[in-house]
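Encoded as structure tokens, the structure appears first; notes follow it.
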Amino acid sequence: MNELILRKNGGFYSVYGDDCYILFYLLGYKIVGDRVGFPISAYNKVVNTLEDNKISYTDKYNNKSNDYKRKNNYNKLLDLGKRKYSLNYRIDNIIEKMNLLNEEDIDNILSYIESYER
């Protein structure tokens, strides 16, 4: 289904599943479980961002949709979002592990990383 679905829940909108990665990528919204939520006050910002990036979407509450057909960038942004989320997840895991190390080990690891050149 190559469109982002917006669902209203009280004073918030939510997206679920793969749609989360797109809002994570574009707006930096945190994914909690299988959901991203944002306040109604951010609705125009979200919709404008989707439209600027040519991402097809449907707002179930307002019965509003925008279909970019073949110009739809949903899959492209989904892939980018999943990659960014995966990298952030890996970095967070490394930070957790580093918090368990002693200062000397952390210093050695940081020195190694800082010496890395392309």
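The values are calculated or read from the model by the stated rules, or taken from the named source; none is laboratory data. Fair warning: this is a prediction, and the values are worked out from it, not measured in the lab. We place every Cβ from the backbone using ideal geometry, glycine too, and count neighbours over all the protein chains shown. Keep in mind that these areas ignore ligands, DNA and RNA; they rest on the heavy atoms of the full protein, side chains included. Shrake-Rupley method; radii C 1.70, N 1.55, O 1.52, S 1.80 Å.
Projecting label points 7 angstrom from Cα along Cα→Cβ for residue 116 and residue 76 puts them 2.8 nm apart. Dipole check for the chain: with +1 at the C-beta of Lys and Arg, -1 at the C-beta of Asp and Glu, and the Cα centre as origin, the magnitude is about 1000 Debye. Using only Cα atoms and rounding to the nearest 10 degrees, what angle (0 to 90) does helix 103-115 make with the longest principal axis of the chain? The helix 103-115 is inclined about 70 degrees to the chain. Helix 43-52 and the longest principal axis of the Cα set of the chain meet at an angle near 90°. This structure gives Kirkwood radius over Cα pairs in Å, computed directly, and of [x] 16.2; [y] 14.8; [z] 15.3 that value is listed as [x].
Taking 8 Å as the Cα distance limit and 6 or more residues as the minimum spacing, I'd like the relative contact order of the stretch 21-118 as a percentage. Relative contact order, the stretch 21-118: 26 percent.
Among 12-22, 51-61, 94-104, sorting by the average number of other beta carbon atoms lying within 10 angstrom of each residue, highest first, gives 12-22, 51-61, 94-104.
The simple spin-label model puts a point 7 Å past each Cα toward its Cβ; for residue 104 and residue 12 those points are separated by 4.7 nm.
Per residue, the accessible area of the chain comes to 72 Å² when a 1.4 Å probe rolls over the protein heavy atoms. The accessible surface of the chain, taken with every protein chain in place and a 1.4 Å probe, is 48 percent carbon and sulfur. Entry note, the chain: the mean residue ellipticity at 222 nm calculated from DSSP H runs of n ≥ 4, each adding -39500 (n - 2.57), is -15500 deg cm²/dmol after division by the residues and rounding to the nearest 500. Pairs of Lys residues in the chain, spaced 8 or more positions apart or belonging to different chains, with C-alpha separations under 15 angstrom: 9 in total.
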